[in-house]
1. Q84 versus (1) away from the ligand (no atom under 13 Å from the Cβ); (2) in contact (Cβ under 8 Å) with a residue 24 or more places away in the chain: which is the lone unmet condition?
2. Quick one: count up the residues across segment 49-67 that are in a strand (DSSP E or B) and more than 14 Å from the ligand (Cβ to nearest atom).
3. Can you spot a residue in segment 29-39 that is part of a helix (DSSP H, G or I), within 8 Å of the ligand (Cβ to nearest atom) and surrounded by fewer than 16 Cβ atoms within 10 Å (Cβ to Cβ)?
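Nothing in this text is a laboratory measurement; each read-out follows from the coordinates by a stated rule. This structure is a prediction, so every number in the text was calculated from the model and none was measured. Here Cβ is always computed from backbone atoms with ideal geometry, including for glycine, and neighbour counts include all displayed protein chains.
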Amino acid sequence: MAVKLHRCSVMWLKISAHPCWKVQKALDDAGIDYEVVEHPGSRSKRTEYIELTGQKLLPAIQLEDGTVIRRQSKELAEMIRSGQIKSGASSGSASAGPSETSS
Ligand SMILES: N[C@@H](CCC(=O)N[C@@H](CS)C(=O)NCC(=O)O)C(=O)O
């Protein structure tokens, strides 16, 4: 099982200003195996994501042990690039830390 990238449905927008793409690109660049879990563009329709995380904003990374990490996309990308989030058995090494509150 791979880590999961919970992201929005705006798949075509591949610019660094797009939070979901920023994190997806970091995963690609790091060569991490991941599965994309797409959620609606509108916050109010993200019922599954809200149930899972208690939050509305994307993106988030779900580790293989089920831990969900939601931080600012910039921070998530840095965690990936610095090796704090990895694929395979070692992915559990990331510390989930406190969840960000969505607003
Ligand atoms: N500053 C946040 C922004 C996250 C963000 O705006 N994500 C978009 C998806 S790419 C979203 O959830 N938009 C829905 C909304 O703001 O209602 C970050 O960098 O993580």
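1. (2)
2. 1
3. No: segment 29-39 contains no residue that is part of a helix (DSSP H, G or I), within 8 Å of the ligand (Cβ to nearest atom) and surrounded by fewer than 16 Cβ atoms within 10 Å (Cβ to Cβ).
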